[in-house]
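Readers should treat all values here as calculations from the given coordinates under stated rules, not as data from a laboratory. Predicted model, so just to flag it, every value in this text is computed and none were measured. So basically every Cβ, Gly included, is an ideal-geometry build from the backbone, and we count neighbours across all protein chains shown.
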Amino acid sequence: MTGDLLLRAAARIYTLADGPKDRPRAGAEMAALGVREGWSVVVRDGTIAWAGPDADLPADKVPAGAAELDCRGRALLPGLVDSHTHLVWGGDRKDELEMRLAGADYEAIFAAGGGILSSVRKTRERDDEALFAESAKRLQRMLRAGTTAVEIKSGYGLDLDTELRQLRVARRLAKETGVRVVTTCLAAHALPAELRDRPEGREEFVGRVCDEVLPAVVAAGLADFCDVFCDRGAFTPEETRRILHRARALGLPIRLHANEFGHTGGALLAAEFGARSADHLLHLDDGERAALRDAGVVATLLPGTSLVLGKGFADGRALVKAGVPVAVATDCNPGSCALESLSMVLALACYGNRLSPAEAVTATTHNAAASLGLHDERGRVEVGLAGDLVLLATDDVRDLVYHAGSPLIDAVVHRGRVVAR
Ligand SMILES: N=CN[C@@H](CCC(=O)O)C(=O)O
Ligand SMILES: [Zn+2]
């Protein structure tokens, strides 16, 4: 699944090679893209083996028989890293999309047993093959839009068997497509319908997540992270705290859905538990921003969800100003945002979250990779990192924002092979 490739004489390469590499970038660091002009890149067996001025290209560095991609007049970026998705689900919720466009509210649909619970029903019904096939189609479209590494959460099972099946499908997607996949157990995504009417249902479910689902998922080696939907209508800070203690005891690093619908305590919990990432963050005050910064938590913004739900955008400028490292992801899921194109969502992060184009590039490459612990393998154009690159049809990355939605991706290189052109 890997290849040898010579990418020749790009007008510009946004290498991101100049800032800190062992941690996500914050403040002014986010605007430095390490631009190189007229450079070539050699990928050998899927890994970047050389990068430098085209005139200095050493003949012995180019593997015999390597394919060549002429990059003149165009720009190269690192492969994009989508650090928050719910990619594995069954069916769709296009009916709810129409209901919301006609005025229905996302939280009200969820409270009435639709929303996430509707996807749970459809996901439980699917067998492994159907779940895999539906999810693989979405992943292929993500890849064509420039994503070469993706985080995938469970959370449409809410029972042990389906949670395990979702995570297995995510691992199989990695195996069969070669896309780098990081998995997150989000067993606490919603209280399942079968426990909703029982007074002790909430308590019982949180207990099951702690004592049954998380230990089983860890024993099977199926999750790299633990996540909880800590928000109004989902799980309280007290319930979340119980689950996070268990995750920590099991050695699972934490990411958290936090402060999407209000100041619900999720962001402060993320800081308290040293989460790798706190995600959504539409409602944040100065104290919460300082807590995230001091704890080194990456703020992952999901502007596609803001666009689709119409409930406002997280204040990305305030986060950058406060020195919180920012990542941007699609949140690709069947309900609140089924957008797959991270190169499009990068533009939304500028228009909605008020990031600069350069900050949005850092947020979808190095910072997203760092929030997933992948900064030693992805997110920059550097010798030793994965040969994952995006060739734009233009010489200026700002065009992804300026002309958002236009077909601006000329080719996607994945582990040294051109997978989309
Ligand atoms: N907020 C919680 N989970 C998803 C939405 C899931 C759904 O609606 O199916 C999100 O991140 O937006
Ligand atoms: Zn989400």
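Give the shape of region 292-415 as rounded, prolate or oblate, defined through the alpha-carbon gyration tensor: a ≥ b ≥ c are the square roots of its eigenvalues, a/c under 1.5 means rounded, and otherwise the shape is prolate if a/b is larger than b/c and oblate if not.
Oblate, since a/c reaches 1.5 and b/c is not below a/b.
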PRE reach from A112 (point 7 Å along Cα→Cβ): which of region 192-222 fall under 18 Å by backbone N? 193
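From the helices alone, meaning DSSP H stretches of at least four residues, give me the mean residue ellipticity at 222 nm for the chain, per-run term -39500 (n - 2.57), in deg cm²/dmol to the nearest 500. Mind showing how you got there, number by number?
Values: 17 runs with 148 residues, N = 421.
Result for the chain: -10000 deg cm²/dmol, rounded to the nearest 500.
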Which trypsin sites (Lys or Arg not before Pro) does region 64-143 hold that lie in a coil by DSSP with at most 15 other beta carbons within 10 Å? R72
At most 13 other C-beta atoms within 10 Å and a DSSP loop state: those are the exposed GluC sites (Glu not before Pro) I care about. Give me the longest piece of the chain that has none. 201-421
Express the relative contact order of the chain as a whole percentage, based on alpha carbon pairs under 8 Å and six or more residues apart in sequence. 23 percent
When a/c is below 1.5 the answer is rounded, else prolate if a/b is larger than b/c, else oblate, so apply that to region 197-270 with a ≥ b ≥ c taken from the square roots of the Cα gyration tensor eigenvalues. oblate
Kirkwood-based Rg over Rh for region 77-122 (C-alpha set), two decimals? 1.12
Taking every pair of Cα atoms in the chain, average 1/r, invert it to obtain the Kirkwood radius, and report Rg/Rh to two decimals. 0.97
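So what are region 222-367's ellipsoid semi-axes, whole angstrom, largest first, if each one is the square root of 5 times an eigenvalue of the alpha-carbon gyration tensor?
So the three semi-axes of region 222-367 are 23, 16, 15 Å.
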Taking just the C-alpha trace of region 359-421, give me its Rg and Dmax in Å. 12.5, 33
To check my understanding: the extent here is largest minus smallest coordinate of the Cα atoms along each principal axis. What are those three numbers for region 1-159, in Å, largest first? 64, 40, 30
Could you list, bin by bin from short to long, the percent of Cα-Cα pairs of region 296-347 in 5 Å steps? 4, 22, 27, 24, 15, 7, 1
Taking the chain, the lysine pairs whose C-alpha atoms sit under 20 Å apart (8 or more places apart or on different chains) add up to 8
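Once the Cα gyration tensor of region 122-231 is diagonalised, what are the square roots of 5 times its eigenvalues, in whole Å and ordered largest first, as equivalent ellipsoid semi-axes? Could the numbers behind the result be given before it?
Details: eigenvalues 143, 40, 30 Å².
After diagonalising the Cα gyration tensor, the semi-axes are 27, 14, 12 Å.
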